[in-house]
């Protein structure tokens with residue numbers, strides 16, 4: 001069982017890391033295209049992303065389901081935006097890539113036995129700590 005938990009830990013950390021990197025890239029792209037006038041909401045969203053990642057790592061069930069829903073919605077949005085932008089700009093390709101990664105993240109969170117084993121262990125550790 002320990003191998004499943006270790007693989008699940010690496011998968012969860014990979015998903016969190018990818019999400020944080022994509023969020024940072026989205027902020028940079030937004031500022032370059034639109035300017036810094038709406039930077040505060042972008043920074044708040046980035047902090048929210050990091051907090052949800054921490055809570056997911058700790059095994060918090062509601063954060064898990066919020067992230068599954070957000071990854072699914074972001075994935076669909078990324079795919080739709082990407083297909084609309086693809087003929088005109090490189091942003092379409094980036095948006096498609098982000099959409100695929102977000103959808104895969106949601107699917108892996110829901111269906112991976114390794115992730116489920118790791119999150120169950122994390123929930124068990126949290127109960128022992130408090």
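Please treat every number below as a calculation from the coordinates, not as lab data. What you see is a predicted model, and the numbers here were worked out from it, not measured in a lab. Every residue, glycine as well, gets a Cβ built from its backbone with ideal geometry; the counts of neighbours run over all protein chains shown.
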> Which of the peptides 30-39, 95-104, 45-54 is most tightly packed, and how do the rest follow, judged by the mean count of other Cβ atoms within 10 Å per residue?
Replying inline: 95-104, 45-54, 30-39
> In degrees between 0 and 90, to the nearest 10, how far off the longest principal axis of the chain does helix 61-85 point, with axes built from Cα atoms?
Replying inline: 30 degrees
>> In region 90-119, whose amide N lies under 14 Å from the spot 7 Å out along Cα-to-Cβ of residue 77? List them in ranges.
In response: 95-96, 98-100, 102-103
>> Classify region 1-60 from the C-alpha gyration tensor, please: rounded if a/c falls under 1.5, else prolate or oblate depending on whether a/b exceeds b/c.
In response: oblate
>> Using only Cα atoms and rounding to the nearest 10 degrees, what angle (0 to 90) does helix 39-57 make with the longest principal axis of the chain?
In response: 20 degrees
>> Explain nothing, just the number: relative contact order of region 53-130, from Cα pairs under 8 Å at least 6 residues apart, as a whole percent.
In response: 35 percent
> What percent does the relative contact order of region 1-117 come to when contacts are Cα pairs within less than 8 Å and at least six residues apart?
Replying inline: 35 percent
> Across every pair of different alpha-carbon atoms, what Kirkwood hydrodynamic radius in Å does the chain reach?
Replying inline: 15.6 Å
> So how tilted is helix 2-34 from the main axis of the chain? Cα-based, degrees 0 to 90, rounded to 10.
Replying inline: 20 degrees
